[in-house]
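Please treat every number below as a calculation from the coordinates, not as lab data. Nothing here was measured: the structure is a model prediction, and the numbers come from that model. Methodologically, a virtual Cβ is constructed for each residue, glycine included, from the backbone with ideal geometry; neighbour enumeration extends over all protein chains shown.
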Amino acid sequence: MRIIVSGGGTGGHIYPAMALIKRLKERDMIDDVLYVGTEKGLESKIVKNAGINFKTIEIQGFRRKLSLENLKTVQLFLSSIHKSRKIIKEFKPDIVVGTGGYVSSAIVYAAHTMHIPTVIHEQNTIAGVTNKFLGKFVDKIAIAFTEAVDQFNEKKKIVFTGNPRAQEVVGIQKNDRLTEFGLEPNKDTVMIFGGSRGAKPINQAVIDTMSKFVESDYQVLFVTGRVHYDGVIKLIDDKYLKSANVSVLPYIDNMPEILPDIKLIVGRSGATSIAEITALGIPAIFIPSPYVTHNHQTKNALSVAKVDAAVVIPEKDLNSDSLFKEINQIMSNTKLQQEMSVNSKKIGVPDATDRLIKVLVDLVNK
Ligand SMILES: CC(=O)N[C@H]1[C@@H](OP(=O)(O)OP(=O)(O)OC[C@H]2O[C@@H](n3ccc(=O)[nH]c3=O)[C@H](O)[C@@H]2O)O[C@H](CO)[C@@H](O)[C@@H]1O
């Protein structure tokens, strides 16, 4: 099949798209693939690094308040549809898939106007603006949380597939990649990170807890987010940075390979992170971002917490004491870890990509 995939802005939209492409390649189902993104988005780096054919369009998101900037947004949207049509004419895809982020709106919409089958993938419990708009036009809407059904009027188009990143991570065996970060491969490890871009409030709470982490009987892998790294390092005492019990990194490129060796994840409740965590059954502590559309991370987190697979700390209650207390409560109780793990796996979807591929194949063969 010839496929165009588009999704961008943050890792949460990009990694599911990349996992889909990877699986299609594994199953030898791709004749050609093109990824459409923006030059500025995280996708430009991730997709190019993976050696996938990448084309850019210039487009930006709407501001919520009325502003002149929105006029420019409309202009860019119209010109990006024009460019998208050109890309589609040249590439001649059998299907176009959007995984969210405003970059996917133009190419998916253009494909619809050219009668090419289209699918969107919504990772969250609450749909993003782009997918809500595209839902009216596309052939199928793939969702990863049953809660997302309410988000679309076009109920007949909805298929529950789960998130492709779930299937990508379950295929990976335990390994000793933690040694690359100066950590012990066989020691219990807590990983703390604030989504694909890092989160300042989480970073601050971790910085404030460093003196305790260096003494704890589990080790800590702290991923700050690329833009925050230099600032964070300056705030941590050198003697803590040298500790064998703690490793501080800006970003982990090969996250799926690290996950099977993690006992507890602490971080934001982005939908793609949740898909990975529940596919593997890793106990989690979520600190939902209160800054996202319709507070969707809180709803994401509660969907895991309600089956006793995660604990939620609202950001307003996050500080060194609450963080350390919740981490210790789980890390000191193997039985609790096992229960959380079993509960977590129950809501994971380890065959998500194959489910999504079936949706694509059915449309292409129609
Ligand atoms: C602030 C914001 O708007 N966040 C949204 C964004 O989150 P964000 O981009 O943070 O997405 P997620 O937390 O869902 O996923 C993060 C992805 O990045 C990967 N990763 C992360 C850190 C790292 O060092 N290396 C790495 O590879 C994770 O393994 C995961 O695959 O998209 C998600 C999915 O639509 C939404 O639910 C989030 O609300």
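Tabulated data
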| item | result |
| --- | --- |
| Rh by Kirkwood over Cα pairs, then Stokes-Einstein D for segment 259-366 at 0.890 mPa s and 25 °C, µm²/s | 166 µm²/s |
| Whole-number percent relative contact order across segment 186-314, with pairs defined as alpha carbons under 8 Å at least 6 apart | 24 percent |
| Value of Rg to Rh for segment 88-203 (Rh from inverse mean 1/r over Cα pairs, i.e. Kirkwood) | 1.11 |
| L78 paired with K358, simple spin-label distance in nm, labels 7 Å along Cα-to-beta-carbon | 4.4 nm |
| Charge context of R23, other residues only, Cβ under 14 angstrom, K/R +1, D/E -1 | +1 |
| Using alpha-carbon coordinates, inclination of helix 352-365 to the longest axis of the chain, degrees | 0 degrees |
| Using distinct alpha-carbon pairs, which all enter the 1/r mean, Kirkwood radius of segment 177-347 in Å | 15.8 Å |
| Distribution of pairwise C-alpha distances over segment 6-89, 5 Å bins, in % | 3, 14, 21, 20, 19, 12, 6, 3, 2, 0 |
| Cα lying deepest toward the dipole's positive end in segment 177-347, options I330, S303, T179, charges on Cβ | S303 |
| The chain, relative contact order in percent, only Cα pairs under 8 angstrom and at least six apart counted | 16 percent |
| Ratio Rg/Rh, restricted to the chain and using Cα atoms, in which Rh is the Kirkwood radius | 0.98 |
| Scattering curve values for segment 175-245, log₁₀ I(q)/I(0), Debye with Cα scatterers, q = 0.18, 0.19, 0.23 Å⁻¹ | -0.70, -0.78, -1.11 |
| Extension gain from V342 to K234, taking 0.36 nm per residue of separation minus the Cα-Cα distance | 34.9 nm |
